[in-house]
Protein chains: 2
Amino acid sequence: MNNGLYALDRSGQSFANYFQIEQVLYDSRSKYQKITVFDTADCGRILMLDDFFNVSTPMEAFYHEPMSHVPLGLAGRRRNVLIIGGGDFGVARHVVKHKDVEQLTLCEMDGQVLDVCREFFPDWAACEKDPRMQVRVGDGAAYLKDCPPHSLDALIIDSTDPFFNASVLVTEDFYNAAYRALQPEGVLIQIVADYYFYKKIWPDVLSVIKGHFPACRPLFFYVPFYVLGSWGLLLAGKNREQLRSEKITREYLDSIGGVETLTPEIVAGAFSLPPYIRNELKDFL
Amino acid sequence: MNNGLYALDRSGQSFANYFQIEQVLYDSRSKYQKITVFDTADCGRILMLDDFFNVSTPMEAFYHEPMSHVPLGLAGRRRNVLIIGGGDFGVARHVVKHKDVEQLTLCEMDGQVLDVCREFFPDWAACEKDPRMQVRVGDGAAYLKDCPPHSLDALIIDSTDPFFNASVLVTEDFYNAAYRALQPEGVLIQIVADYYFYKKIWPDVLSVIKGHFPACRPLFFYVPFYVLGSWGLLLAGKNREQLRSEKITREYLDSIGGVETLTPEIVAGAFSLPPYIRNELKDFL
């Protein structure tokens, strides 16, 4: 072991991802949370929020590509997209690759996250120069309630884990507003949790969303540096036909350009629940 | 943080998986390596070899099911199977689920690993009572050379990472012996490495095996607790038709019984290289 600074990203009672820090670039508390940015020798530049790993430069595509290209490939059209959270601009930079997106709104609660990411992740924040994009600082759940009915084609909820600060984003009230704001062939995607340490949250979240969206399904993608390397997303739509992985074709992915982590087969694999999860969640699907 | 014992499983220069230990059950040096077994609060019972994480109880199926059911599903028949390494009995316990396996030989170099696993992972070691199974202590590469030509249907190399002790298992000599021992529709599978910290080993291993096996391909499966949660296996056969993921059908997986982590779509996803890996390895595939 070497002297110096380390960061732990703990899960459960006995596990953590452990990073040796090369240099801390930012470490301060905003009105909402602690924001930390540091460089490492071979894990890239890392953003932590409230001492939980959020994102790092080498793994961003593994998380942001599914969060953007999957819902946009399933939505009936992709003119108007809303991102709630996503203050690192990571999802937004992939959404603006879609030429048929006419309007992208990013609604981030914490303006200080936006400023920190503009400074330390400038390649990601560069997308805000795109004239189709509008960045708002404020409560995403409140903003969603004000969206005109049937106005959104895709709603991407890129929050911190939905059991702390972001727990408002998995409530009856929130899903009600989401259903109202989405057009009939609109799609919602939301970060939930892994299925090892946080498996207990899945039945809860599925029970709530099922009361609002007739179609919903968990997806598990490989996301290095997230706990145990697999992260669960929740997809929801107004009809079941909407959520078929077959819509994510090679032609669609090629049309986006520069996709690094997805193939149609990888997406179909993420849609397919392994038997042990399917058994445990069978009453909630 | 709590007082007490911790284990680090380091990768690269700045990353480690970090486990808080509940109780150390075994920690001793054999003729070949250091062997450690400990219990944790919520990561199960863990085996480390030479201070590297090897396997734990809750994740064993994620690794052992692909290592057994994928090659056995692709081989022309599955009468005679050889495991080199695999002294924790983890792969063997899944191989004996196949009723058409007539003979399974496990050749483990380190007899002390076998004894430790018999004591501390008795559910896994129970498979050695199966009359079709033979356990040998010795050099797997030497044993392979003595196998009659065309005698093996599947060869499963479940070693430690092939850049330390097990580096002999990725040599010209070894692949030459493997090709000779496998029947014309036989299949080899081998643990290699993840594709983040150990990406440099992939071109080397692929270059060597390509000179012996006309068909070979890397597969990446989700394996929690392995570094970053994705582990790369290398599959090889004597003809390209042999290695199609379509052969791993739902009927095949159902026929095994009790498969927890695999579906045909998950296997097809593991066979599909993400664009960034495909680009980097294109000269070696």
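The values are calculated or read from the model by the stated rules, or taken from the named source; none is laboratory data. Remember, it's a predicted structure, so these values are computed and weren't measured experimentally. As a convention, Cβ positions derive from the backbone with ideal geometry for all residues, glycine included, and neighbour counts pool all protein chains shown.
Mind listing whichever residues of the stretch B:259-275 are closer than 16 Å to residue A:275 by Cβ and of a type outside the set (A, V, I, L, M)?
Within the stretch B:259-275, B:260, B:261, B:263, B:264, B:265, B:269 meet the criteria.
Do you know which residues across the stretch B:217-239 are touching a Gly at 6+ places or on another chain (Cβ under 7 Å), within 20 Å of residue A:227 (Cβ to Cβ) and in contact (Cβ under 8 Å) with a residue 24 or more places away in the chain?
Correct list: B:220, B:222, B:223, B:224, B:228, B:230.
Just one of B:159, B:167, B:245 is under 30 Å from residue A:17 (Cβ atoms) and either in contact with a Gly (Cβ under 6 Å, 6 or more places away or on another chain) or crowded, with 16+ Cβ neighbours inside 10 Å (or both); which is it?
Sole residue among the options that is under 30 Å from residue A:17 (Cβ atoms) and either in contact with a Gly (Cβ under 6 Å, 6 or more places away or on another chain) or crowded, with 16+ Cβ neighbours inside 10 Å (or both): B:159.
State whether the residues of the stretch B:117-130 include one that is within 17 Å of residue B:157 (Cβ to Cβ), in a helix (DSSP H, G or I) and not aromatic (Phe, Trp, Tyr).
No, every residue in the stretch B:117-130 fails to be within 17 Å of residue B:157 (Cβ to Cβ), in a helix (DSSP H, G or I) and not aromatic (Phe, Trp, Tyr).
Looking at the stretch A:192-213, is at least one residue part of a helix (DSSP H, G or I) and within 14 Å of another protein chain (Cβ to nearest Cβ)?
no
Among B:118, B:93, which is in contact with a His (Cβ under 8 Å, 6 or more places away or on another chain) and of a type in the set (Lys, Arg)?
Being in contact with a His (Cβ under 8 Å, 6 or more places away or on another chain) and of a type in the set (Lys, Arg) holds for just one of B:118, B:93, which is B:93.
When residues of the stretch A:151-177 are filtered for being among the aromatic types (Phe, Trp, Tyr) and assigned to a loop (DSSP other than H, G, I, E, B), how many remain?
2
Can you name the residue in the stretch A:232-285 that is modelled with pLDDT of 95 or more and of a type in the set (S, T, N, Q) and, of all such residues, is farthest from residue A:72 (Cα to Cα)?
Result: A:279.
Across the stretch B:214-235, which residue is surrounded by the fewest Cβ atoms within 10 Å (Cβ to Cβ) among those that are touching a Lys or Arg at 6+ places or on another chain (Cβ under 8 Å) and not in a loop (DSSP other than H, G, I, E, B)?
B:215
List the number of the failed condition for residue A:69; all other conditions in (1) touching a Lys or Arg at 6+ places or on another chain (Cβ under 8 Å); (2) within 19 Å of residue A:152 (Cβ to Cβ); (3) within 14 Å of chain B (Cβ to nearest Cβ) hold.
(1) is the only condition that residue A:69 fails.
Can you run down the residue pairs with Cβ atoms below 8 Å, 6 or more apart or on separate chains, where the first is in the stretch B:108-126 and outside the structural domain of residue B:97 (by TED's automatic domain parsing) and the partner is modelled with pLDDT under 95 and not aliphatic (A, V, I, L, M)?
none
So, of the residues in the stretch B:4-14 that are without any contact (Cβ under 8 Å) to a residue 12 or more places away in the chain and in a loop (DSSP other than H, G, I, E, B), which turns out to be surrounded by the fewest Cβ atoms within 10 Å (Cβ to Cβ)?
Ranking the candidates gives B:13 first.
Pull up the stretch A:178-191, narrow it to residues that are in contact with a helix residue (DSSP H, G or I) (Cβ under 7 Å, 6 or more places away or on another chain) and part of a helix (DSSP H, G or I), then point me to the one that is nearest to residue B:41 (Cα to Cα).
The selected residue is A:178.
Output the residue which, of all residues in the stretch A:15-51 that are within 9 Å of chain B (Cβ to nearest Cβ) and in contact (Cβ under 8 Å) with a residue 40 or more places away in the chain, is farthest from the chain's Cα centre (by Cα).
Here the answer is A:15.
Check residue B:12 against each of (1) facing chain A (nearest Cβ under 9 Å); (2) of a type outside the set (A, V, I, L, M, F, W, C); (3) at negative phi and name the one condition it does not meet.
Condition (3) is where residue B:12 drops out.
Within the stretch A:131-150, restricting attention to residues that are of a type in the set (Lys, Arg) and outside any helix (DSSP H, G or I), which residue is nearest to residue A:92 (Cα to Cα)?
Result: A:132.
Do we find that residue B:59 is away from chain A (no Cβ under 14 Å), within 23 Å of the chain's Cα centre (by Cα) and either surrounded by 21 or more Cβ atoms within 10 Å (Cβ to Cβ) or not acidic (Asp, Glu) (or both) in this structure?
No; evaluated as a whole, the condition is false for this residue.
For the stretch B:245-269, give me each residue that is outside any loop (DSSP other than H, G, I, E, B), more than 7 Å from every other protein chain (Cβ to nearest Cβ), of a type outside the set (S, T, N, Q) and touching a helix residue (DSSP H, G or I) at 6+ places or on another chain (Cβ under 9 Å).
Once the filter is applied, which keeps residues that are outside any loop (DSSP other than H, G, I, E, B), more than 7 Å from every other protein chain (Cβ to nearest Cβ), of a type outside the set (S, T, N, Q) and touching a helix residue (DSSP H, G or I) at 6+ places or on another chain (Cβ under 9 Å), the stretch B:245-269 yields B:246, B:247, B:250, B:252, B:253, B:256, B:264, B:267.
Note down all Cβ pairs under 6 Å where the first residue falls in the stretch A:203-216 and is touching a residue at least 12 places away in the same chain (Cβ under 8 Å), the second is in a strand (DSSP E or B), and they're at least six residues apart or on different chains.
Going by the 6 Å Cβ cut-off, the qualifying pairs are A:205/A:192; A:209/A:216; A:209/A:236; A:213/A:236; A:215/A:237; A:216/A:236.
In the stretch A:26-37, what count of residues is obtained for those that are surrounded by 15 or more Cβ atoms within 10 Å (Cβ to Cβ) and touching a Lys or Arg at 6+ places or on another chain (Cβ under 9 Å)?
Summing the residues that are surrounded by 15 or more Cβ atoms within 10 Å (Cβ to Cβ) and touching a Lys or Arg at 6+ places or on another chain (Cβ under 9 Å) in the stretch A:26-37 gives 2.
Out of everything in the stretch A:116-152 that is of a type in the set (Phe, Trp, Tyr) and within 24 Å of residue A:100 (Cα to Cα), what residue ends up being nearest to the chain's Cα centre (by Cα)?
Only one residue fits best here, namely A:124.
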